[in-house]
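Undergrad: Submitted below is the structure of interest, expressed as structure tokens.
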Amino acid sequence: MITPDKRIIENKRVDLTDYSAKCPKGLREFFVIISFVDESGCYFDAFCSSRATALDYVLNRFYDCKDYIKYISITDYE
């Protein structure tokens, strides 16, 4: 007899996006995905003037867990 898979799927991604926030004039909106070594991660929007400042913002925000960051992906909304 075939039965459905009843394992609970754990979502290890956290959405930190403030959907009510609007991008201020003169800044660009970046979508950031951070993955950690334990396969968990988070994603959020960052309002910065360039990709370099967005990376600096992310590294400052997650400074206390920088040793556990596996990768950072920064995508520009245009």
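The values are calculated or read from the model by the stated rules, or taken from the named source; none is laboratory data. All values reported here derive from a predicted model rather than from experimental measurement. Backbone-built Cβ (ideal geometry, glycine too); neighbour counts: all protein chains shown.
Undergrad: Can you go through A46, A52 and tell me which one is of a type in the set (A, V, I, L, M, F, W, C), over 14 Å from the mean Cα position of the chain (by Cα) and at pLDDT 90 or above? Don't jump to the end; show me each part of the working.
TA: Numbers: A46 fails: over 14 Å from the mean Cα position of the chain (by Cα).
None of the others qualify; the one that does is A52.
Undergrad: Between residues in segment 18-35 that are more than 18 Å from L55 (Cα to Cα) and residues that are at pLDDT below 90, which pairs lie under 7 Å by C-beta distance while being six or more apart or on different chains?
TA: Close Cβ pairs satisfying both conditions: none exist.
Undergrad: What do you reckon, is D67 among the acidic types (D, E), at pLDDT 90 or above and assigned to a helix (DSSP H, G or I)?
TA: On the way: among the acidic types (D, E): yes; at pLDDT 90 or above: yes; assigned to a helix (DSSP H, G or I): yes.
It is true that D67 is among the acidic types (D, E), at pLDDT 90 or above and assigned to a helix (DSSP H, G or I).
Undergrad: Inside segment 34-43, can you point out the residues that are of a type outside the set (S, T, N, Q) and either modelled with pLDDT under 90 or part of a strand (DSSP E or B) (or both)? So that I can check it myself, show each step before the final result.
TA: Residues of segment 34-43 that are of a type outside the set (S, T, N, Q), as a first pass: 34, 36-39, 41-43.
Result: I34, F36, D38, E39, G41, C42, Y43.
Undergrad: Tell me the residue from A46, A54 that is closer than 24 Å to P24 by Cβ and in a helix (DSSP H, G or I), please. Walk me through it before giving the result.
TA: Details: A46 fails: in a helix (DSSP H, G or I).
Only one candidate qualifies: A54.
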